[in-house]
1. Taking R0 as 45 Å, what FRET efficiency do you get between A87 and F123 from their Cβ-Cβ distance, rounded to the nearest 0.05?
2. In a shell of Cβ-Cβ distance under 13 Å around D108, excluding D108 itself, what net charge do Lys and Arg (+1) and Asp and Glu (-1) give?
3. Kindly put K17, K59, K151 in sequence by how many other C-beta atoms sit within 10 Å of each C-beta, fewest to most.
4. Arranged by the count of other C-beta atoms within 10 angstrom, fewest first, what order do T52, T57, T33 take?
5. Between L152 and V36, what's the calculated FRET efficiency when r is the beta-carbon distance and R0 is 22 Å? Round to 0.05.
6. What is the list of residues in the stretch 21-35 whose amide nitrogen lies under 19 Å from a point 7 angstrom out from the Cα of I103, following Cα to Cβ?
7. Please compute the length gained on full extension between T52 and W69, using 0.36 nm multiplied by the number of residues separating them and subtracting their Cα-Cα distance.
Amino acid sequence: MHGSCHAGADDEHNGSKAVSLLFRLAALILALTSAVIMATASSCTIIGRDGTFVTITFKDYPPFVYLVWFNIVAAILVSAGIYLQLAGKGEDDDEGHKLPRIILVIIDVAAQALLYSATGAVFAAEIAYGPQINACSGTGGRFCDQVQRSKLFSLGASVSISLVAVAKDVALPFSVWPVSSSD
């Protein structure tokens, strides 16, 4: 118990639900922002190794394409998780309501896997393709800056969805939105 003098008062606290909802919303917003920034990364024209002009976009680098698609899929999964959480699925202890709780856990794990793998791929690509990407920063293009921003937003989404798992398992002794009562 959280120091409450009322029997059953622990069941009324929903602070962890509110905090996990905030982290889910943050992950959704950050993942979509990352995907949009990378997908709209302006093209950049650089001089190639053979002396010809080469125009590069995010589509020229498979990890950047993965980031866009994985973040979109993760955002869809997080949206489904938000729906399940707000619809109240997975919070009853009845046998019939265990499936939505299991689905919510699967959604959280899948979103984490997608976000972390996409973010890791971009970090690795930035190292591997560093000279090509950095060449764009000197040509007045925003490609390099957009790659950096997208990478950081994706990392933020990864951390946010990871914090959902922590927040939903920690009992927080406050209530944020009205709790249904049987009065």
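Values in this text are rule-based calculations from the coordinates and carry no lab data. A quick note: this is a predicted structure, and the numbers were derived from the prediction, not measured. Positions of Cβ are generated from backbone atoms using ideal geometry, with glycine treated the same way; all protein chains shown enter the neighbour counts.
1. On the way: r = 36 Å, r/R0 = 0.79.
It comes out at approximately 0.80.
2. On the way: positive: R24, R101, K168; negative: D169.
Taking every Cβ under 13 Å from that of D108, the sum is +2.
3. Working: K17 20, K59 12, K151 23.
Sorted ascending by nearby Cβ count, the order is K59, K17, K151.
4. Numbers: T52 8, T57 15, T33 19.
With the fewest neighbours first, T52, T57, T33 line up as T52, T57, T33.
5. Values: r = 14 Å, r/R0 = 0.63.
Given R0 = 22 Å and the Cβ-Cβ separation, E is 0.95.
6. In the stretch 21-35, the label zone of I103 (backbone N under 19 Å from the point 7 Å along Cα→Cβ) covers 21, 24-25.
7. Numbers: separation 17, 0.36 × 17 = 6.12 nm, distance 3.07 nm.
Extending this stretch completely gives an extra 3.0 nm.
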